Structures are given as structure tokens and as C-alpha cells.
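One structure is given here, and the rest of the page talks about it.
No lab work stands behind these numbers, since they all come straight from the coordinates. Everything numeric here is computed off the predicted structure, so don't read it as measured data. Methodologically, a virtual Cβ is constructed for each residue, glycine included, from the backbone with ideal geometry; neighbour enumeration extends over all protein chains shown.
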Amino acid sequence: MFKKVLIANRGEIAVRIIRACREMGIETVAVCSEPDRNALHAMLADHTICIGPAQSSESYLNIGRIISATITSGADAIHPGFGFLSEDSRFARICERCNIAFIGPTSDMIAASGNKAQAKKTMMDAGVPTIPGSAVAVNTVKEGLELADIATYPVMIKASLGGGGKGMRVARSKDVFEQAFLTAQTEAKNAFGDDMMYIEHYVEHPKHIEVQILADKYGNVVHLGERDCSIQRNHQKLIEETPCAALSEDLRKEICEAAVRAAKAVNYENAGTVEFLLEPSGKFYFMEMNTRIQVEHPITEWVTGIDLIKEQIRIAAGEPLSFTQDDIKITGHSIEVRINAEDPDHKFRPCPGKIEMAYLPGGKGVRVDSAVYSGLEIPPYYDSMLAKLSVWAKDRAEAIRKARTALGEVIITGVKTNVDYQYGILSEPDFVEGKTDIDFIEKHSHK
Ligand code: MV4
């Protein structure tokens, strides 16, 4: 097992990883930027190294400084958390070359999943259902038009290196294709330095379902059920839950087994998530694979009892999985609500500033993952997520009531938050009835 782990991240996920390491008897090294000297992760770790100024490129995204901090501190592994360098294949490769264990999949795996057109081709070959339309990547309007005819309109034009909504456009018909293609391509070129695009049929009003996977270095792969992440705004998830209310036991088994097939097809290793679109008809399609621990992992921990961060560390240290698929039982229902420092009345603009007072709830079945405390200054340079409130109850109705009750207790003063907005979503009749899809927020935003 590792002796010392460096956490290449900040905020609540850094705190989450520090806690897991401490419980496992592993020493921790935090890195922080100058404005994060008083951040919770910097204070909780056994050792803290300030690696540079506020700008991420000079600190949390600076590979050289993070590798230097790892070598200087004598850490034998790096946990990248999510965001920042977590899906940077170059960073993972440098760790491999420096003999530092990267707690995640191999650099080749990260690179392969990052190319969405290539990943789609691999999944088609592995018999995992993919969205109608070819996985061939093209860079001219003429070739794109031909593939759009095969995919059938409406189509979605996607960047091969895209994801998270960048470099993506819908074209409802042939006459708007050229405009949409060129806009998406320009965005892709600017964001990813690559102009290769692929074309798919546009799936209307789907749910976003993702399956949590754990895979060890010896080919053992298990799934830990699915999460419904349909409640999102501008590709930022707001509320996640598990199990998905819309899945029959048969369909759940089918999707989860498809995810395991997907992971096996690429010899996946460590924790990963296979994303699907689920149509109202029950048809589902592979969308992409995330090669990191995700923000919403606590809800899977609630219903399985498995600590995903500890499993990631054990897998990276070369331990085989200590359980099989049959050992994993999904119990009850869990919901996570993201609490952000943002202003719902002004287009959700980020609201950094000093937290005057923070009171966060607790009680049976209530978990708060956060890195805020009264008096903390929230710097403007990073993500606006302050905390994740997750609950567990025996069924969905009780979980919703528990989430509302806990959210109702939250007091955060000094910065604007989305707490009341989230309470509103949990109270929407359509949400309560499970009538959610990826267009839910747009549909309900007139209120
Ligand atoms: C789609 C789609 C509909 N049809 N592909 C969004 C981000 C990227 N991962 C792919 N995305 C989508 N791809 C086809 N062929 C709709 C989306 C999409 C979406 C997916 C999941 C969750 C929220 C979303 C919001 C808008 C669009």
C-alpha cells in the first residue's frame, strides 16, 4: 500500500480524499495556491505545499510544480480528484515515467476515452449500443453532409475531442447543417486544437444515465448501479439520484451489463463511469466514458456501502477487488444536491466572497461533503461549488423529503447561493413524479 499520497486538487474532493487516506493509515500531502492557504484541504492534510499563484495554470494545473511537490515530499502516489488534471493523459503519462502511481486508469486509457469518435467505434465493435450515426470523424462540410444523411435529421455535430457540451451543435435540417457544422468546428478548434467532427442522430428528451464501474488490474470488473443525472443546466449537473426512477429491473440490468462490457472492451482499470442517453422508449445508447471519480460519487456510496475513494486507492496499489458483482446490493434511494456560490436571479453568475456564517445540516441519512467554514474567503478563480448535500432513505419519496428537510436547514451568509433554487426543484411536481429529462430546467425555468 502507498505510504504517502499527494492530492492534486482543492475544495471538498481534496478533503474527501484526505479523509479516506487518513482512515487507511496513509500520509497526505496537499498542494494549494496562494489564495488557498486557509482552505480546509490545506489545513487538514499532514503536509501542505503552496505551489503557486491563484491562476490554475500556475498551480492546480501546473504539471511541473505538482510533480516537483510529489518528489520533494516523497509521496508515492497522486490522487487527481476530478476536474483539473484528472483526465489529462499527458499528466498521467508523466506520473508513469516518474514512477509515481497515478490513482486512476492508465494514460493510454485516458487518451483513448478522450477521443469520443474513437471510443464510439470501440463500443460499436464491442456490441455496446451507440447513438445512430457513424463514428467516422471528418473535417469538411461535404463529408459531414453525407454522414448526416446516414444519421438522419435532426443531427448532432460533435467534436471528436469534445465532451461537456463544447464543440457541439444541433442541425434540425439540411439547410442549416453547414452553419452548425462550421460553428461547432471553430469552437472545437479553439477549445481542443483539433477540428475533427462526427455526426449522430439527435436524441430528443433523453435522460442522462451513468453507470459506476470498478475494475482492478486483473480484469475483474463490477458495476455499482446507475445514477440519473438528468437535472442539469448548461452541462452543469444540479441534482443526481440513484436508482433511476424510470428503470425496470430488466432494463437496469441491461444498461449496467452494457457498461461492464464497455469497460471490459477497453481493459479498463480503476473507477470509471459509462454515460448513456436513455430514450423515453427505453432504448439506451453509449455516450462517453469518464475516466475519473465523479462529483456525484457519494450517492453510489450511500446505496452500496462501498467507499469509492478507498477502492480507487486499493486498485491503484495493485490490490484485487475484494468483492464480486453478487456481493453488491443496491439498498434504498439516494439524492445529491449541489450547493453553489452563484446567483440564480442573475443567470447563475458566480458569487465569490467571504462566507460570513455557514451552518450545514446533519442527522440520520444526511451527508455533507464541503470545504467551507464560517469566515472562509471563496476565491473567484475556481469552480463555484461550495458543498454537496446527499441523503439516503428507504425509497425515493422519503429521500426527496429528507433532501428538502436538510436543504431547508442550510444557512450560508455572505455569498449568494442556489440553495432556495434547489429547494424549488425538489418541490416541483414533475420532479417529485420522476418526470425528468435533460430539458427539465429549461422547461421549468419560466417559474
Ligand atoms: C447528445 C444529445 C442528444 N443526441 N447526442 C451533452 C454533452 C456531451 N456529453 C453529449 N451531450 C449530448 N449528446 C445526441 N446524439 C444530447 C446531449 C446533451 C446532454 C446529455 C446529457 C446530459 C445533458 C445534456 C444536455 C444537453 C445535451
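What to note about this one:
- Region 266-274 - phi-based ³J(HN,Hα) in whole Hz, Karplus 6.51/-1.76/1.60, Gly and Pro as x: 10, 6, 5, 9, 5, 7, x, 10, 9
- Across region 4-103, Cα-Cα pairs farther apart than 17 Å form 42% of the total.
- Residues whose amide H comes within less than 5 Å of that of D216, counting only those at least five positions distant or on another chain, are N270, L321 (H built at 1.01 Å from N in the peptide plane).
- Percentage, to the nearest whole number, of Cα pairs in the chain over 39 Å apart: 18 percent
- Structure-based [θ]222 nm, the chain - -39500 (n - 2.57) summed over DSSP H runs of at least 4, per residue, nearest 500: -10000 deg cm²/dmol
- Most fluctuating residue given options N62, N190, N340, as computed from a GNM of the chain linking Cα atoms under 10 Å: N190
- Relative to the Cα centre, the charge distribution of region 4-103, modelled as +1 at Lys and Arg Cβ and -1 at Asp and Glu Cβ, gives a dipole magnitude of about 80 debye.
- Among I66, I412, I150, the largest mean-square fluctuation in a Gaussian network model of the chain, built with springs joining Cα atoms closer than 10 Å, belongs to I150.
- Sum of side-chain charges, T273 neighbourhood, beta-carbon under 11 Å (Lys, Arg +1; Asp, Glu -1): -3
- Across the cross-link table entries K207/K416; K217/K364; K217/K394; K310/K388; K121/K443, which are compared at the Cα atoms, the separations over 28 Å belong to K207/K416; K217/K364; K217/K394; K121/K443.
- Positive minus negative residues near N290 (Lys, Arg vs Asp, Glu; Cβ under 10 Å): -3
- Mean-position separation - Cα centroids, region 210-278 and region 356-416, in angstrom: 25 Å
- Distances between placed amide hydrogens fall under 5 Å for L386 paired with I339, N340, A341, all partners being 5 or more residues away or on another chain.
- Under a Gaussian network description of the chain, with springs only between Cα atoms under 10 Å, the residue in S384, S113, S248 that fluctuates furthest is S248.
- Partners for K174 among aspartates and glutamates (Cα-Cα distance below 15 Å; same-chain residues under 8 apart left out): E143, E146, D149, E200
- Taking amide H atoms as placed 1.01 Å from N in the peptide plane, the amide H of T48 lies under 5 Å from those of A30, each 5 or more residues away in sequence or on another chain.
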